[in-house]
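The values are calculated or read from the model by the stated rules, or taken from the named source; none is laboratory data. Predicted model only: the values in this text are computed from it and were never measured. With ideal geometry, Cβ positions are generated from the backbone for all residues, glycine too; neighbour counts draw on all protein chains shown. These area figures cover heavy atoms from the full protein model, side chains too; ligands, DNA and RNA do not enter into them. Shrake-Rupley method; radii C 1.70, N 1.55, O 1.52, S 1.80 Å.
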Amino acid sequence: MDRPKLVTFFDLLQDRNNPCTPAHLATATERHGVWGWDRFGRYGNFKPGSDGALSALDALAEFQKLIDLAFERADQELARLEQGDPYPCLEDPLDWVFDQPHTIGIHRFGWPKAAMPPIDLSVKHPP
């Protein structure tokens, strides 16, 4: 089977010039399907609602949990500061997220460049 190179969720989420969030990619997956390897290792073009598309949505949900955890950690560090304390040079929470081994799922899904769906950036991500 010919396997075109994918622009993966990881590629799209890590691109600092690209405003994609897991919410944007989940919406695109729900509307247009996704390519990649499902939880059983089968490669394919997965239609919306298929097992493969649901696996991709699960990967995005897990990644969103890591993002939430990273920002919660950063907020806790800032909350420990006393008035007059020097402002610490905090690690970017997203750098921590991308270094986590649990992000493997976002490497398994995406779209070939020629089959990239429209990504609706009007989808609002929770604050």
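Scanning the stretch 29-43 for residues that are of a type in the set (A, V, I, L, M, F, W, C) and in contact with a Phe, Trp or Tyr (Cβ under 8 Å, 6 or more places away or on another chain), we see that the one that is least open to solvent (accessible area, probe 1.4 Å) is V34.
The residues in the stretch 1-21 that are surrounded by 12 or more Cβ atoms within 10 Å (Cβ to Cβ), polar (S, T, N, Q) and more than 9 Å from G110 (Cα to Cα) can be counted, and the count is 3. Restricting D68, D95, D58 to those that are in a helix (DSSP H, G or I), of a type in the set (D, E) and at pLDDT below 70 reduces the list to D95.
Selection of the stretch 6-37 for residues being over 16 Å from Q64 (Cβ atoms) and either out of contact with any strand residue (DSSP E or B) (no Cβ under 7 Å at 6 or more places or on another chain) or part of a helix (DSSP H, G or I) (or both) yields D11, D15, R16, N17, N18, R31, H32.
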